Amino acid sequence: MNESFAKDTDGFFARHFDRKISGAISRQLLKTSVTPNQITVGVTVIGIGAGYLMAQPGYAAKVAGSLVFLLTSILDGCDGEVARAKKMISKIGGWLDLWGDNVVHVSVFYGLGLGLFRDSGSDVYLKLGWAAVWGTLISASLASYQTWRKGKSSFTSVSGDAASLEHASRWRKLLVQMSDALARRDFVYAVVVLAICNLLPWFLWACAIGSLVYAAVLVGLSL
């Protein structure tokens, strides 16, 4: 793996597993004329497919959806890796990447809620799905605003850099640590395990609560 592909905000699995795979794919993509934005759009479409599978009734469809979701998470690193290597980083690309990720999350969260409703007939799963969707949309909007306000090309962390926290209050530092922890994409591996164990309702509850908590943290940091 080319260490330049890794980011400080990567979690354990993202750094030691996802980046090895996405890095190998990115090195092949660098030999083509494919642009980072084209990669983003393609990965987003795959992620929507994960949501479609999650929305189908039955165990097998949800396991397949979780695996496609994991594939999406791994491939999600390729657009940024190619952009940095080709020196094609742009504000439009960063915005597209941020919203592409969140379109995938909305598709998976709502799709899972719909799929569990179809399995059980309980509308609580539809409500949990919508709660996760709204938390995701609010968080994405706030992240977009912070990115625009700071004049950056992409959103990687609410803190921006270590210097911005040097004189911050203890409360603000805690909020930043919470938000960055909630934003790690390592959770996708847990989705696969829960799907195999037929425990995806746990994941949906976590998404509904976690996305709203994350949105609340971002609101607190924006004040």
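The values are calculated or read from the model by the stated rules, or taken from the named source; none is laboratory data. Here the structure is a predicted model, which is why all the values come from computation and not from measurement. Reconstructed Cβ throughout: ideal geometry from the backbone, glycine too, with neighbour counts over all protein chains shown. Surface accessibility is based on the protein's heavy atoms, side chains included, excluding ligands, DNA and RNA. Shrake-Rupley method; radii C 1.70, N 1.55, O 1.52, S 1.80 Å.
Take the Cβ-Cβ distance between ASN198 and TRP130 as r, set R0 to 30 Å, and report the resulting FRET efficiency rounded to the nearest 0.05.
0.85
How much accessible area per residue does the range 1-133 have, in Å², with a 1.4 Å probe?
Averaged over the residues of the range 1-133, the accessible area is 48 Å².
Once the piece of chain linking ILE92 and LEU67 is laid out straight, how much longer is it, given 0.36 nm per residue of separation minus the C-alpha distance between them?
Stretched fully, the ILE92-LEU67 segment lengthens by 6.1 nm.
Nothing charged except the Cβ atoms of Lys and Arg (+1) and of Asp and Glu (-1): what's the magnitude of the dipole of the range 42-144 about its Cα centre? Round to the nearest 20 debye.
160
To the nearest 0.05, what FRET efficiency results for LYS20 and VAL41 with a Förster distance of 25 Å applied to their C-beta separation?
Plugging the Cβ-Cβ distance into 1/(1 + (r/R0)^6) gives 0.55.
Step through the residues of the range 48-57 one at a time and calculate ³J(HN,Hα) from phi using the Karplus curve (6.51 cos²θ - 1.76 cosθ + 1.60, θ = phi - 60°), rounding each to whole Hz and writing x for Gly and Pro.
5, x, 4, x, 4, 5, 4, 6, 7, x
Show me the ranking of peptides 68-76, 55-63, 36-44 by mean Cβ neighbours inside 10 Å, starting with the highest.
Taking the mean over residues of other Cβ atoms within 10 Å, the ranking is 68-76, 36-44, 55-63.
Whole-Hz Karplus ³J(HN,Hα) for the range 201-211, in order, using 6.51 cos²θ - 1.76 cosθ + 1.60 and θ = phi - 60°, x for Gly and Pro?
x, 4, 5, 5, 4, 5, 5, 4, 6, x, 5
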